[in-house]
Structures are given as structure tokens and as C-alpha cells.
Amino acid sequence: MPTIHGSAADALADVLADGITIAVGGFGLSGNPNDLIEAVRDSGVRELTIVSNNMGVDGKGLGLLLENRQVRKVVASYVGENKLFAQQYLDGELEVEFAPQGTLAERMRAGGAGIPAFYTRTGVGTPVAEGKPHAEFDGETYVQERGIVADVALVHAHTADRAGNLVYRLAARNFNPLVATCGRVTVAETEVMLDGFVDPDIVVTPGVFVNRLVPARPRVKDIEKVTVRTKMEA
């Protein structure tokens, strides 16, 4: 059973340290564990390696850690929406390991499943395959990718029960289930905490993967890009 904490800061108090690797759920700003990210910022830890699909946007999500100069390395598939991320990379302040999005997802899934490495055709012949072992299977060349195991995994769920079973809502599901599996310590913030148990038929992340739970503070959910349709005339 996971331990239940009253705040994100309390949930992370004894697991944060300089130089650790943190895997973080989210896609753009959707499904970001914002309370936990803010607790990492407020802790002041430095030299972090962040594993996430991207680094949010300037001033929001994981962008907060970049602004505070707490990140040494990022393992991600995308830079585009965060100008500070791109600038720190180009200035040599930030080490970036790019991974194709599907490969990044599989690296986290593999780490969570106890698989140290796997082979994929994605990236063969490109810079992402340079320096990595290659092998031939059935006449095709594949590149070896390592599974990812993070020191701490930060997850945002919509609903949790006290056994740690998690359910996500719509697009906020994204990378969160994969991140939840690959942390040595997985901390989940949840919008709804049930007194009973989540229906087993709808559990996405089984509680066996979750070490700590914290209620998420109510907040307006940021939208990365707002697209609206012009009102049609009747």
C-alpha cells in the first residue's frame, strides 16, 4: 500500500537530492504533475536529469525547473514549445539526449518491466543511433536502446484509491502510465481520492507501481495552444 501525504513537498521530502534522475508524466502541459514539479522547484535540488516527452512551455510545467537552472540533462523527444529549453541547449548550458517519441515510450516501459535494453529499427542511420550497438535481424539493421529506470517518477492521475490504483482522464493519460512504472520511487498526485477501490476493469496503473500518493490542489488547467472556431451564423 502506498503512503498518503498531505502535500507534494511532504511526499518528496526524503527522495530528492542533487544529481538524481526524475521521470515526469505529461505531454506539453496536458497531464503535468504540477504540484510535484513545483515541489521539486521549491526544494532547490540541482544537476537533475529529467526524462519527459518535453519540457513544458516557458514558465509552466517543467519550464519552471529550467528557469530555476536546476536541470543538467534532459532526455526527451521534443523541444519546440519552450524557447528557454532551446536556448539553454544551444548555449551549451543543458545536455539534451533526443529519443524518437515511440522509442522514449518503449525505453520507459522496458525499464519498468525489468528489460535492460531492446532493439528497434527507428533511428538507424541517424544521429540518434550514433555510438550505440547495432545488430542484424532477418536481414534488417536494428539499434540497441537502453531501458530507463528513474530514481523518482512523478505522475498526475485523475482518480486514485488508497491502494494506489490509478485512472487518468482523456489526453492527460499520455506518458503518465509509462512514467509510473519506471521509477524506483513513484509519487502520484491525484485529483480524486476514493474511499473505496477503483473498479478493476478500469484500472490503468496498478497500485503495485505506486509508492506515494498526494491529493492534487485544485487549479485551472493550462492549455498549451488554444484553438477556437469562429462562431457560425445561424
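The values are calculated or read from the model by the stated rules, or taken from the named source; none is laboratory data. Being a predicted model, the structure only gives us computed values, none of them experimental. Cβ coordinates were reconstructed from backbone atoms using ideal geometry, including for glycine residues, and neighbour counts include every protein chain displayed. Please note that ligands, DNA and RNA were not included when accessible areas were found on the heavy atoms of the full protein model with its side chains. Shrake-Rupley method; radii C 1.70, N 1.55, O 1.52, S 1.80 Å.
At a glance:
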read-out: Bridge type composition, the stretch 69-148 - antiparallel percent by DSSP, nearest 5; value: 65
read-out: Top of A171, A216, A150 by mean-square fluctuation, Gaussian network on the chain, Cα under 10 Å; value: A171
read-out: Candidates L94, L16, L170: whichever shows maximal mean-square fluctuation once the chain is modelled as a Gaussian network with Cα springs under 10 Å; value: L170
read-out: MRE, 222 nm, helices only [DSSP H, n ≥ 4, -39500 (n - 2.57), over the chain, to nearest 500]; value: -5000 deg cm²/dmol
read-out: Karplus-derived HN-Hα couplings along the stretch 111-117 (A = 6.51, B = -1.76, C = 1.60, θ = phi - 60°), whole Hz, x at Gly and Pro; value: x, x, 8, x, 9, x, 6
read-out: Cα gyration tensor, the stretch 115-234 - rounded (a/c under 1.5), prolate or oblate; value: oblate
read-out: Solvent-accessible area per residue for the chain (1.4 angstrom probe, square angstrom); value: 51
read-out: Within the stretch 61-208, percent of DSSP bridges classed antiparallel, to nearest 5; value: 45
read-out: Nonlocal Lys pairs with alpha-carbon distance under 23 Å, the chain (8 or more apart, or different chains); value: 8
read-out: Sulfur and carbon atoms: percent of accessible area, the chain [1.4 Å]; value: 52
read-out: Lys/Arg +1, Asp/Glu -1 at C-beta; the stretch 151-234 dipole; positive extreme among V210, V167, T227; value: T227
read-out: Positive-end residue of L194, V74, I115, charge dipole of the chain with Cβ unit charges; value: L194
read-out: Cα shape, the stretch 87-127, gyration tensor, a/c 1.5 rule; value: oblate
read-out: GNM flexibility winner over the chain from G25, G196, G139 (Cα, springs under 10 Å); value: G139
read-out: Net charge of neighbours whose Cβ lies under 14 Å from the Cβ of G125, counting Lys and Arg as +1 and Asp and Glu as -1; value: -1
read-out: The stretch 147-234 - share of DSSP beta bridges that are antiparallel (%, nearest 5); value: 20
read-out: Along the chain, longest interval not containing exposed trypsin sites (Lys or Arg not before Pro), exposed being DSSP loop plus at most 16 other Cβ atoms within 10 Å; value: 70-120
